[in-house]
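For reference, the structure discussed in these notes is given below.
The values are calculated or read from the model by the stated rules, or taken from the named source; none is laboratory data. In this text, all values refer to a predicted model and were calculated from it rather than measured experimentally. Using ideal geometry, Cβ is built from the backbone for each residue, glycine included, and neighbour counts are taken over all protein chains shown.
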Amino acid sequence: MNKFALIMVAGCIMLPAQEALPTGAAVLDRYVEATGGKAAYEKHHNQVAKGTLALPAQGITGDMTLSEAEPAKTLMRVEIGAIGTMQEGGDGKVAWELSPLQGPRVVEGAELADVLREARFNAPLHWREQYSKAETVGTERVGDEDCIKVQLTPNDGGHPETMDFSRKSGLLIKQSGTRATAMGDIPYENLFSDYRSVDGVMEPFKTTEKAAGQEVEVTVSEMKFNVELPEGTFNPPAEIQALLKKSKTEPEAPKTLASPSPAGPGAGKFLIYMGGNQMATETYSLTHADGHYELSGSASAQMGQMKIDVEQYRVVTNDKYQPLEANVRAKMGAVAMAVKTTFSGGMAHSEIDTGQGPQKKDDPAGANDVVISQNLPVFPFTLLARRVATSTHDPQKFTAYVLGQGETPVTVEYRGVEKVNFGSRSLELNHFIATLALPQGQPIAADVWSLPADATIIKMAVPEHGVEVYQEGYEPPAAKGSSSDAPAQSGTSNPK
């Protein structure tokens, strides 16, 4: 669960550079005054905000309503076209999610603790009840703002949170940390902007969250306090109540991943882990005939309770790996999506259908672009691995086209040959790091290890997202459990 306008901290004081920074407690207490003062907060007992929630990279936008009440009640509803109604809520003790993609889910464990902390109404007044420590840890430039950085340690044992406040205005500009989710611990970053005064309290009317390679934008159009809310507004829906009545003593059946079709000659299979837990499989093949390379495959992922199936991902290039056409068919839950793209004249011509009918989209696309996907599958990086020169350690510049979205620059640094351990054996593999900024602007760095003979990818890792990818048959035993137990690499390079 992700509350869009979490304000757990307080603002800062404009200080000359030579003066000592204020203590964390002083910063937090000051924010109450900077955003309206204690009396203004205490007048409010509930709040209703309306606006839109958008995933720009996917071209998805929905109407959003967020209702909150003291002490920690919350309900967010988002209506998204063909997908339907997505809801998440809590009453201060129980938290839940309900959507056509995931079905009903009761939030538990560390994730529940995070949700309840975020849901606290009039949170700036109560930070001492929720955090055991608040420390000023430095300064940072965020966009156009010079900020003071404060780190807060939750008293429930959760991950520390970092808040950045504008020196000039004292307003919260950025919040970052690690959030517990159904998919494991995921780093996130929230950016707050467009502050407006509502009944005496300053509130951000725009929030941008970046997490797990995705970007979500929430834009508020209307906000009201002390609204007459219908009775039972925060009661869990029937589907959630049914789950709550189930016996907690019954062990949950283990979730299994449906594997794509078995790999054949010239093919491979990736096993993908997040936070040490397997969450996806991919099967792919790379063939060469009649002057064309064809990379195609499928993928299956279980992200929390949401099932994602990439039924087909296909890229066709010429002998120089220049893209000619690509297409993808996928399902998120019961929602089908499809993209068909052809490349010509420096453009990518796409037809995109996300369940609301085909939409045409043209993007600039260079003749040498590497065609990749936003998230799943990862096997399209196979074509990039074949183009990396191992004769230099200087940065190599590429351009990728994210299917259906747009171009993005890619920088590759070849690190040399490394010995990598896989259980009882080890391999000497080429190691390179590919850094790219996705079309929505979030940079991602992926470590890739491939066979020197044919550039077959054996292992990939995206440390900032806790993701590891292994070619089947090469994964270490620790990959089946906790990533913290993974056998260490030698860490030695043998540059050629």
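Here are the numbers for this structure:
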| item | result |
| --- | --- |
| One residue from Ser344, Ser300, Ser350, Ser296 being small (Gly, Ala, Ser) and closer than 22 Å to Thr61 by Cβ | Ser350 |
| Meets criteria (crowded, with 18+ Cβ neighbours inside 10 Å, on the phi > 0 side of the Ramachandran plot and in the same structural domain as Leu55 (by TED's automatic domain parsing)) for Ala123 | no |
| Matching residues, the stretch 146-158, being assigned to a strand (DSSP E or B) and in contact (Cβ under 8 Å) with a residue 40 or more places away in the chain | Cys147, Ile148, Val150, Gln151, Leu152, Pro154 |
| Residue match in the stretch 416-435 (condition: of a type in the set (Gly, Ala, Ser), surrounded by fewer than 21 Cβ atoms within 10 Å (Cβ to Cβ) and at pLDDT 90 or above) | yes |
| Unique residue being more than 26 Å from Met86 (Cα to Cα) and basic (Lys, Arg) when the list is Lys361, Lys331 | Lys361 |
| In the stretch 325-368, the residues that are free of Cβ contacts under 8 Å to residues at least 40 places away in the same chain and either assigned by TED's automatic domain parsing to the domain that holds Gln58 or part of a loop (DSSP other than H, G, I, E, B) (or both) | Gly345, Gly346, Gly357, Pro358 |
| Near pairs, Cβ below 9 angstrom, 6+ apart or cross-chain, from the stretch 45-61 (closer than 18 Å to Ala336 by Cα and in contact (Cβ under 8 Å) with a residue 60 or more places away in the chain) to any residue that is part of a strand (DSSP E or B) and of a type in the set (Ser, Thr, Tyr) | Leu55/Thr61 |
| Residue check, Thr317 in the same structural domain as Gly404 (by TED's automatic domain parsing), within 26 Å of Arg179 (Cα to Cα), modelled with pLDDT of 90 or more and surrounded by 14 or more Cβ atoms within 10 Å (Cβ to Cβ) | no |
| Qualifying position, being in contact with a helix residue (DSSP H, G or I) (Cβ under 8 Å, 6 or more places away or on another chain) and either crowded, with 16+ Cβ neighbours inside 10 Å or modelled with pLDDT of 95 or more (or both), among Gln471, Gln405 | Gln405 |
| Matching entry among Thr52, Thr74 (being modelled with pLDDT of 90 or more, within 27 Å of Ser373 (Cβ to Cβ), in contact with a strand residue (DSSP E or B) (Cβ under 8 Å, 6 or more places away or on another chain) and of a type in the set (Ser, Thr, Tyr)) | Thr52 |
| Unique residue being aromatic (Phe, Trp, Tyr) and part of a loop (DSSP other than H, G, I, E, B) when the list is Phe432, Phe398, Phe379 | Phe379 |
| Out of Phe343, Phe432, Phe379, sole residue that is in contact with a helix residue (DSSP H, G or I) (Cβ under 9 Å, 6 or more places away or on another chain) and of a type in the set (Phe, Trp, Tyr) | Phe432 |
| Some residue of the stretch 374-385 being in contact with an Asp or Glu (Cβ under 8 Å, 6 or more places away or on another chain), buried (at least 21 other Cβ atoms within 10 Å of the Cβ) and more than 25 Å from Met303 (Cα to Cα) | no |
| The stretch 163-186, subset touching a Leu at 6+ places or on another chain (Cβ under 8 Å) and under 30 Å from Glu97 (Cβ atoms), residue surrounded by the most Cβ atoms within 10 Å (Cβ to Cβ) | Met163 |
| Residue that is farthest from Met303 (Cα to Cα) [pool: residues in the stretch 87-97 that are of a type in the set (D, E, K, R) and in a strand (DSSP E or B)] | Glu88 |
